[in-house]
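The values are calculated or read from the model by the stated rules, or taken from the named source; none is laboratory data. Everything quoted here is computed from the prediction, not taken from an experiment. Positions of Cβ are generated from backbone atoms using ideal geometry, with glycine treated the same way; all protein chains shown enter the neighbour counts.
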Amino acid sequence: MSTAKKPILWMIALLIIIAAVGSSYALRGTSNTHVNQNPVDPVGSLIAFVYFDQGSYKDYAATFSNAEWVSSKEEIAAYKAKIAEDREFYTFFGQDDTLEQVLARLAVEPQTEHSARVYYREGADARQETRWDVIRTDEKGWVIDNH
């Protein structure tokens, strides 16, 4: 094989590898195999979707342990409309808070090896009434317990 053809073959091989890796990442992004590694993860997804319009309804629904008890798209849309009308009344955090600020105030209190309670804290030691019980599942990792 001539020396001039070798770089072309290497470039073709490299392009094939890049295409294969790229399609692998694309497929991973569309699969439903996301596993929440931390008890705060499902609560953060819930807050991001409901209060900050980040994420999809499918992601929101996946944060719960029982899919049959998840609020419908219509119910969520109605709640989001109420939030838009009176954010101060319908939120448990400050009106000007960013998602990052809200997430930084979440605290985890382990209950058992497979359950925990996630609290929203205003101050370093304060416990708000806003809390979520989360459980660890084999399929999705940590989810909000809505049984």
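Descriptive notes on the structure:
- So Phe64, is it under 16 Å from the mean Cα position of the chain (by Cα) and either at pLDDT below 90 or not small (Gly, Ala, Ser) (or both): yes
- Hits in region 75-117 (condition: surrounded by 13 or more Cβ atoms within 10 Å (Cβ to Cβ) and under 17 Å from Asn36 (Cα atoms)): Leu103, Leu106, Ala107, Val108, Ser115, Ala116, Arg117
- Single residue of Lys80, Lys140 found to be basic (Lys, Arg) and closer than 14 Å to Phe49 by Cα: Lys80
- Number of residues in region 39-74 that are surrounded by fewer than 18 Cβ atoms within 10 Å (Cβ to Cβ) and either in contact with a Pro (Cβ under 9 Å, 6 or more places away or on another chain) or under 14 Å from Thr137 (Cβ atoms) (or both): the value is 2.
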